[in-house]
Amino acid sequence: MSDSPLRLPPKPKPSPWTVGLSLGMVVFTVVCARTVGFSFSGLVEDLGRTNPVAQGLVDISWGEMFSERSRRAFLETLQMAVIGTTAGAVVSLPIALWSTEVGNPYLIPRVLLRSFNNVVRAIPDLLWAGLFVLGVGIGALPGVLALFFFSMAVIVKLTADTLDGIDMGPIEAAKASGASHTQMLRTAVVPQILPAYSSYVLYDFELNLRASAVLGLVGAGGIGQRIDFFRGRGDWSKLWGLVLMFFLVVVVVEWLSVKIRRRLV
Amino acid sequence: MIRFDKASVTYPGGVVAMKDLDLEIGDGEFVVIVGLSGAGKSTLIRAINGLVPLTSGGLDVNGHDVPNLSAKGRRQLRAEVGMIFQGFNLVDRTTVLNNVLMGRLPRVPLWRTLIGKYPDEDIQIAAKALDRVEILDRAYVRATNLSGGQRQRVGIARALAQEPKIVLADEPVASLDPPTSHVVMKYLQQISRDLGITTIVNLHFLDLATAYADRIIGLRNGELVFDGPGSEADEHTFRDIYGRSLTADDTMAKQAAL
Ligand SMILES: Nc1ncnc2c1ncn2[C@@H]1O[C@H](COP(=O)(O)OP(=O)(O)OP(=O)(O)O)[C@@H](O)[C@H]1O
Ligand SMILES: [Mg+2]
């Protein structure tokens with residue numbers, strides 16, 4: 001047997017679509033950058049100047065990371081994320097089921113539910129928080145409410161998409177054995193989506209934890225509110241201390257969450 | 001007793017899958033339905049538990065007037081009729097026991113289903129069903145971790161857990177190899193004999209049909225073309241049912257030899 005190199009069939013040319021779209025993206029980006037007045041030279045110049053914010057990073061306040069009040073703010077952030085995620089997850093499972101064909105044979109309620117959820121999803125979490133601050137006042141409550149709606153939007157969407165692809169066999173079996181609709185959902189559908197659903201809930205918890213840092217900027221409680229406090233006072237070294245601490249918390253939580261999610265699916 | 005009375009099924013689109021069928025199946029019979037692909041075997045089986053509605057004619061199943069049932073009445077009928085599927089239709093991610101307990105759903109209150117806590121007597125019934133197909137030791141194994149033959153035995157146990165008067169099996173061995181097919185057919189036959197359950201099985205292979213059927217029903221284009229004891233059916237009978245000469249594909253033994 002000789003080792004003559006194998007000849008591959010002619011390599012397909014990239015489709016005109018791919019070429020056109022890529023070019024279009026580059027042009028679009030450049031045009032956008034020019035319209036907002038972005039320039040690299042300006043960026044380098046700004047970074048070179050001594051500014052108090054950058055100086056704060058050098059003099060980062062390690063003490064602020066563990067101060068009593070920061071600890072309380074962190075705890076509040078975690079509590080907000082836990083409550084918002086849990087409440088959102090609880091209502092999301094039935095809503096996801098009722099907004100898909102397997103879970104809801106009635107077209108009109110199904111479409112209404114889907115549309116409602118699309119509207120909820122179209123509103124960003126920060127806007128939810130702003131609205132609830134106006135509605136119920138400053139504090140952790142509007143934050144929790146915002147996270148609740150945001151969680152619902154995320155989990156319902158992901159779970160409903162998963163539901164569209166499940167195995168119909170067990171559903172047929174449950175129907176044929178005389179199960180009621182709800183019994184069928186519980187025994188034939190929920191076990192199929194439970195791992196994916198749990199994974200979405202954990203993912204949503206990560207999102208909520210990160211979001212809660214921003215929610216405070218509009219007065220919706222948690223660590224964000226304390227970050228905003230130092231920002232207002234121009235106390236940059238303490239601000240950076242909090243940001244670093246928050247970064248560490250997020251990294252640890254994500255690391256744990258990814259580990260758990262990998263086991264689930 | 002099951003009685004079709006001038007029963008017809010026309011699917012949306014116009015395919016006539018059952019045409020003026022008159023048929024009576026007595027309690028405890030073991031009936032095998034044969035016919036070419038598209039002859040209407042699945043339609044006949046699914047009409048019995050109301051999965052496919054008749055477009056005209058009558059159908060009485062153990063006193064249930066199938067074409068005129070309410071949603072509740074249909075669930076009550078289905079509770080009395082176990083069903084076994086070609087693709088097993090098990091929930092892969094849950095345990096064998098939970099799959100079998102699905103057969104108990106019509107007798108279990110909703111709140112118990114929701115929290116997944118079944119009464120002890122229902123668990124006992126499920127265990128007995130698993131024991132009958134000799135797979136009780138796998139009760140807490142996930143359904144994914146079973147072989148095809150074991151999965152179909154779980155499918156049988158699920159139907160048995162309903163304590164049914166009738167068992168319907170739509171090509172129950174079509175996804176299994178020949179030795180496993182015989183094992184599954186023997187369980188079905190034995191259960192029918194021991195418990196007096198009326199059993200109706202769709203089969204693809206003629207040698208399997210003659211080996212296990214008390215009575216063979218032949219369908220062609222939605223019409224009854226043969227009805228007689230399994231012992232009476234020979235090659236000529238099948239040629240009549242199929243409207244063509246037989247090939248190696250029609251018998252499991254010959255196909256396995258290919
Ligand atoms: N849901 C449906 N809608 C429209 N036509 C259908 C439907 N189900 C079955 N049919 C048609 O009805 C006829 C009978 O189908 P049926 O499934 O009862 O045949 P079968 O004997 O079980 O065939 P096979 O051996 O392939 O399973 C076929 O022509 C089929 O295409
Ligand atoms: Mg069929």
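The values are calculated or read from the model by the stated rules, or taken from the named source; none is laboratory data. Computed from a predicted model, the values in this text were never measured in an experiment. Cβ coordinates were reconstructed from backbone atoms using ideal geometry, including for glycine residues, and neighbour counts include every protein chain displayed.
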Exercise. Could you identify the single residue in B:46, B:74 that is within 14 Å of chain A (Cβ to nearest Cβ), within 16 Å of ligand 2 (Cβ to nearest atom) and at pLDDT 95 or above?
Key: B:46
Quiz item: In segment B:199-234, how many are surrounded by fewer than 18 Cβ atoms within 10 Å (Cβ to Cβ) and not in a strand (DSSP E or B)?
Solution: 8
Quiz item: Exactly one of (1) surrounded by 22 or more Cβ atoms within 10 Å (Cβ to Cβ); (2) within 14 Å of another protein chain (Cβ to nearest Cβ) is unmet by residue A:90. Its number?
Solution: (1)
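Residue by residue, here is whether (1) more than 16 Å from the chain's Cα centre (by Cα); (2) aromatic (Phe, Trp, Tyr); (3) within 16 Å of ligand 1 (Cβ to nearest atom) holds:
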site: B:168; (1), (2), (3): no, no, yes
site: B:182; (1), (2), (3): no, no, no
site: B:187; (1), (2), (3): no, yes, no
site: B:190; (1), (2), (3): no, no, no
site: B:194; (1), (2), (3): yes, no, no
site: B:210; (1), (2), (3): yes, no, no
site: B:224; (1), (2), (3): yes, no, yes
site: B:236; (1), (2), (3): yes, no, no
Exercise. Considering each residue of segment B:18-70, count those that are of a type in the set (A, V, I, L, M) and within 17 Å of residue B:85 (Cβ to Cβ), and give that number.
Key: 8
Quiz item: Has segment A:177-187 got at least one residue that is surrounded by 21 or more Cβ atoms within 10 Å (Cβ to Cβ) and away from every other protein chain (no Cβ under 14 Å)?
Solution: no
Quiz prompt | Total residues in segment B:47-71, condition hydroxyl-bearing (Ser, Thr, Tyr) and not in a strand (DSSP E or B) | solution = 2
Quiz item: Across segment B:24-42, what is the number of residues that are surrounded by fewer than 22 Cβ atoms within 10 Å (Cβ to Cβ) and either closer than 24 Å to residue A:173 by Cα or within 15 Å of ligand 1 (Cβ to nearest atom) (or both)?
Solution: 10
Practice problem: Consider residue B:55 carefully, then state whether it is within 16 Å of ligand 2 (Cβ to nearest atom), of a type in the set (Ser, Thr, Tyr) and either surrounded by fewer than 17 Cβ atoms within 10 Å (Cβ to Cβ) or more than 14 Å from every other protein chain (Cβ to nearest Cβ) (or both). | Solution: no
Self-check item: Breaking point among (1) free of Cβ contacts under 8 Å to residues at least 40 places away in the same chain; (2) more than 9 Å from chain B (Cβ to nearest Cβ); (3) not hydrophobic (A, V, I, L, M, F, W, C), for residue A:203
Solution: (1)
Quiz item: Taking segment B:14-43 as the search range and keeping residues that are of a type in the set (D, E, K, R) and not in a loop (DSSP other than H, G, I, E, B), which one is nearest to ligand 2 (Cβ to nearest atom)?
Solution: B:41
Self-check item: Residue count, segment B:9-58 (criterion: of a type outside the set (Phe, Trp, Tyr), touching a residue at least 60 places away in the same chain (Cβ under 8 Å) and touching a helix residue (DSSP H, G or I) at 6+ places or on another chain (Cβ under 6 Å))
Solution: 9
Quiz item: Which ones in segment A:95-115 are free of Cβ contacts under 8 Å to residues at least 40 places away in the same chain and surrounded by 15 or more Cβ atoms within 10 Å (Cβ to Cβ)?
Solution: A:98, A:104, A:110, A:113
Exercise. Determine the pairs where a residue that is surrounded by 14 or more Cβ atoms within 10 Å (Cβ to Cβ), located within segment A:240-253, has a partner that is of a type in the set (Asp, Glu) and at pLDDT 90 or above with Cβ atoms under 9 Å apart, the partner being 6 or more residues away or on another chain.
Key: A:250/A:206; A:253/A:206
Quiz item: Restricting to helices (runs of 4 or more DSSP H) lying wholly in segment A:4-85: which have 1 or more residues that are more than 30 Å from residue A:208 (Cα to Cα)?
Solution: A:16-36, A:40-48, A:52-58
Quiz item: Listed residues A:171, A:166; which is surrounded by fewer than 23 Cβ atoms within 10 Å (Cβ to Cβ), modelled with pLDDT of 95 or more and not in a helix (DSSP H, G or I)?
Solution: A:166
Quiz item: Are any residues in segment B:89-106 buried (at least 23 other Cβ atoms within 10 Å of the Cβ) and within 7 Å of chain A (Cβ to nearest Cβ), and if so, which ones?
Solution: B:89, B:90, B:91, B:102, B:103, B:105
Quiz item: So which residues in segment B:174-205 are touching a strand residue (DSSP E or B) at 6+ places or on another chain (Cβ under 7 Å), within 16 Å of ligand 2 (Cβ to nearest atom) and away from chain A (no Cβ under 14 Å)?
Solution: B:201, B:202, B:203
